[in-house]
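Take a look at the structure below.
The values are calculated or read from the model by the stated rules, or taken from the named source; none is laboratory data. Computed from a predicted model, the values in this text were never measured in an experiment. Methodologically, a virtual Cβ is constructed for each residue, glycine included, from the backbone with ideal geometry; neighbour enumeration extends over all protein chains shown.
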Amino acid sequence: MLLQLIVRCIVFLVSLNTFCYAARSNPNDDNRILKPEKQYLYKELFTDSTGFTRMFYVLLTTQPKPKFNQTLIRYTYYLSLDSLNKNIEYTWEETLATESKKSYEIHPPRANENEIHQLLPFPEIRRNKKINSKWKQTITAFEGWDIPKRTKIVSLYQIVVDTTIMFQGNSTECRKIKAFSKSNLGNGHSDFLFHEDYGFVLIINEINGITTKLELLNVFEKP
């Protein structure tokens, strides 16, 4: 009986520890920006090498359940503010993000024309780094993108300056990051403006004559 009691206690403690670890390991728990109840509305301008221009409104929302131990985010595309107000979606996609005290990293929108973002630096910042700090990231494109499999993209990042912009009529302090990507399909460069409460308020990319600009318009609570 004593042996059975000891075994049961051990099983209970192991189960309790596993439960507590699982509860703590939800990557959404300590998010300050990527909270499921918040929504971030971006205006995107896409221009290709011929001068063709297309505009989207992209709504970023966090999904309650994480995936692969990362925050799962959803991008919903709208063709106009009117379609947004009427909830007429153009398309949508889900991808991953990471938010911690050390870093903030999001996979960019990559549906339709935005597939070009796979060749560019993904928006990220090392929060514990100082001005002029540099780092490198390497990703490999797999099946699902309209580029050759196993394409390796190497990106170099640098925090360049703290700057102040106007956002929704208020003076807002942001940190600027410059990044450069290199692959056998082209060299790109990106500028990111990061705010501690709103995430990336501006994302500008250029590669092979294609430019994309995503500007944060509004932050609001999810209905």
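The number of residues in the range 193-210 that are over 24 Å from Thr138 (Cβ atoms), surrounded by fewer than 17 Cβ atoms within 10 Å (Cβ to Cβ) and not charged (D, E, K, R) comes to 1. Restricting to the range 156-169, name every residue that is out of contact with any Pro (no Cβ under 7 Å at 6 or more places or on another chain), in a strand (DSSP E or B) and either over 13 Å from Leu193 (Cα atoms) or of a type in the set (Ser, Thr, Tyr) (or both). Correct list: Leu156, Thr163, Thr164.
Kindly evaluate Ile153 against the criterion of being surrounded by 14 or more Cβ atoms within 10 Å (Cβ to Cβ), free of Cβ contacts under 8 Å to residues at least 24 places away in the same chain and part of a strand (DSSP E or B).
For Ile153, the condition - surrounded by 14 or more Cβ atoms within 10 Å (Cβ to Cβ), free of Cβ contacts under 8 Å to residues at least 24 places away in the same chain and part of a strand (DSSP E or B) - is not met.
Candidates Thr50, Thr61: the one that is out of contact with any Cys (no Cβ under 6 Å at 6 or more places or on another chain), in contact (Cβ under 8 Å) with a residue 40 or more places away in the chain and of a type in the set (Val, Ile, Thr) is Thr61. Taken over the range 92-121, the criterion of being outside any helix (DSSP H, G or I) and more than 20 Å from Glu37 (Cβ to Cβ) is satisfied by Glu93, Lys101, Lys102, Ser103, Glu105, His107, Pro108, Pro109, Arg110, Ala111, Leu120, Pro121. Here is the figure for the range 92-111: residues that are surrounded by fewer than 20 Cβ atoms within 10 Å (Cβ to Cβ), within 23 Å of Thr212 (Cα to Cα) and touching a residue at least 24 places away in the same chain (Cβ under 8 Å) total 5. Scan the range 112-131 for residues that are over 13 Å from Ala179 (Cα atoms), more than 13 Å from the chain's Cα centre (by Cα) and buried (at least 17 other Cβ atoms within 10 Å of the Cβ) and jot them down. Residues satisfying the conditions are Glu113, Asn114, Ile116, Lys129. Within the range 161-178, does at least one residue satisfy the condition of being of a type in the set (Val, Ile, Thr), farther than 23 Å from Tyr40 by Cα and at pLDDT 95 or above? Yes; the residues of the range 161-178 include at least one that is of a type in the set (Val, Ile, Thr), farther than 23 Å from Tyr40 by Cα and at pLDDT 95 or above. For the range 203-223, taking the residues that are free of Cβ contacts under 8 Å to residues at least 24 places away in the same chain and in a strand (DSSP E or B), the one that is nearest to Ser133 (Cα to Cα) is identified as Ile204. With respect to being assigned to a helix (DSSP H, G or I), touching a strand residue (DSSP E or B) at 6+ places or on another chain (Cβ under 8 Å), surrounded by fewer than 18 Cβ atoms within 10 Å (Cβ to Cβ) and not hydroxyl-bearing (Ser, Thr, Tyr), Glu89 falls outside the description. Selection over the range 173-192 of residues that are of a type in the set (A, V, I, L, M, F, W, C) and crowded, with 21+ Cβ neighbours inside 10 Å gives a count of 3.
Which ones in the range 70-98 are among the hydroxyl-bearing types (Ser, Thr, Tyr) and either closer than 13 Å to Ala111 by Cα or touching a Phe, Trp or Tyr at 6+ places or on another chain (Cβ under 8 Å) (or both)?
Tyr75, Thr76, Tyr77, Tyr78, Ser80, Ser83, Tyr90, Thr91, Thr95, Thr98
Look at (1) within 24 Å of Thr62 (Cβ to Cβ); (2) aliphatic (A, V, I, L, M); (3) not in a strand (DSSP E or B) and you find that Ile139 fails only one, number (3).
On inspection, Leu84 passes the criterion of being outside any strand (DSSP E or B) and farther than 21 Å from Phe192 by Cα.
Restricting attention to the range 49-74, the residues being assigned to a loop (DSSP other than H, G, I, E, B) and either surrounded by 14 or more Cβ atoms within 10 Å (Cβ to Cβ) or under 13 Å from the mean Cα position of the chain (by Cα) (or both) number 2.
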